[in-house]
Amino acid sequence: MKLLFLLLACISTTVLHAQIAPEPGVYSSEDGYYSITIAYKKDEKVLTIVEPNKTSNYTFVSGNEYRFVNPTNGIEYLIEVLSTEKFAAYKPGNKANRSLFYFTGNASTPATKKEFIDYSKIAEKYKEKMKTDPKDAQLWSLCAAAANARSSFSKEGFEEYVAKIVPSIKAILEKKDKCPCTDAIDQSTFDKY
């Protein structure tokens, strides 16, 4: 009986500390506004995170944690795989302040690198308009925010975000049926809200 108990204790300890392999695909932040893609190389223990503006290879640390050090600024980031469809991202020493991401499969596609670059330029254009046209600064800030959201969010996250800000834009406008920034929010999306 003691041998059986010892064997079960060893098996349960192994199962509890087994490495979790994340499901490859698209993950969205808790609020649904930011999506990334994960690829996992089990044999190399490398977790690749693809964001609209960069690709980062996280290497295995221990348990279910992976580490990446940004070569540009030397800042360290950690990812803890919590289940096959959930992970947490945080900086070392700050585990309490972490962002959770959930697997969304392929239904939610993150912004591409080209979209990130293009919409970031559009956001900058409206930020400049805030300075050159201060009487309409609030309007241009909402347009900049929409372009910025489109540069990083999944299409679904962007739709959800736009649904919240279009009423604010329309409240400012004299002609409520014409989007003032169709390069950030297309007219058909603007018309929906």
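For segment 69-107, taking the residues that are among the β-branched types (V, I, T) and surrounded by fewer than 16 Cβ atoms within 10 Å (Cβ to Cβ), the one that is nearest to I20 (Cα to Cα) is identified as T84.
Matching residues to (1) of a type in the set (G, A, S); (2) over 23 Å from E30 (Cα atoms):
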{"site": "E44", "(1), (2)": "no, yes"}
{"site": "V61", "(1), (2)": "no, yes"}
{"site": "Y66", "(1), (2)": "no, no"}
{"site": "L78", "(1), (2)": "no, no"}
{"site": "V81", "(1), (2)": "no, no"}
{"site": "K86", "(1), (2)": "no, no"}
{"site": "T104", "(1), (2)": "no, no"}
{"site": "T112", "(1), (2)": "no, no"}
{"site": "A147", "(1), (2)": "yes, no"}
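Taken over segment 156-193, the criterion of being open to solvent by 70 Å² or more (accessible area, probe 1.4 Å) and in a helix (DSSP H, G or I) is satisfied by E156, E160, K164, A171, S188, D191, K192. Evaluate segment 58-73: report whether one residue or more is in contact with an Asp or Glu (Cβ under 6 Å, 6 or more places away or on another chain) and among the acidic types (D, E). Yes, because at least one residue in segment 58-73 is in contact with an Asp or Glu (Cβ under 6 Å, 6 or more places away or on another chain) and among the acidic types (D, E).
Quick one: count up the residues across segment 42-57 that are among the charged types (D, E, K, R), free of Cβ contacts under 8 Å to residues at least 24 places away in the same chain and either touching a helix residue (DSSP H, G or I) at 6+ places or on another chain (Cβ under 8 Å) or over 14 Å from V81 (Cα atoms) (or both). Residues meeting the conditions: 3. Got at least one residue in segment 137-155 being more than 25 Å from I36 (Cβ to Cβ), outside any helix (DSSP H, G or I), open to solvent by 20 Å² or more (accessible area, probe 1.4 Å) and not assigned by the TED database to the domain that holds Y33? Within segment 137-155, none of the residues are more than 25 Å from I36 (Cβ to Cβ), outside any helix (DSSP H, G or I), open to solvent by 20 Å² or more (accessible area, probe 1.4 Å) and not assigned by the TED database to the domain that holds Y33. What are the residues in segment 26-52 that are buried (at least 16 other Cβ atoms within 10 Å of the Cβ), modelled with pLDDT under 80 and either in a strand (DSSP E or B) or more than 11 Å from the chain's Cα centre (by Cα) (or both), if any? Within segment 26-52, S35 is the sole residue that qualifies.
If only residues of segment 54-68 that are within 16 Å of the chain's Cα centre (by Cα) and surrounded by fewer than 13 Cβ atoms within 10 Å (Cβ to Cβ) are counted, the one that is farthest from S151 (Cα to Cα) is T55.
The values are calculated or read from the model by the stated rules, or taken from the named source; none is laboratory data. None of the values given here were measured: they were computed from a predicted structure. Every residue, glycine as well, gets a Cβ built from its backbone with ideal geometry; the counts of neighbours run over all protein chains shown. For the accessible areas, the whole protein counts, side chains as well, though only heavy atoms, and no ligand, DNA or RNA atoms are used. Shrake-Rupley method; radii C 1.70, N 1.55, O 1.52, S 1.80 Å.
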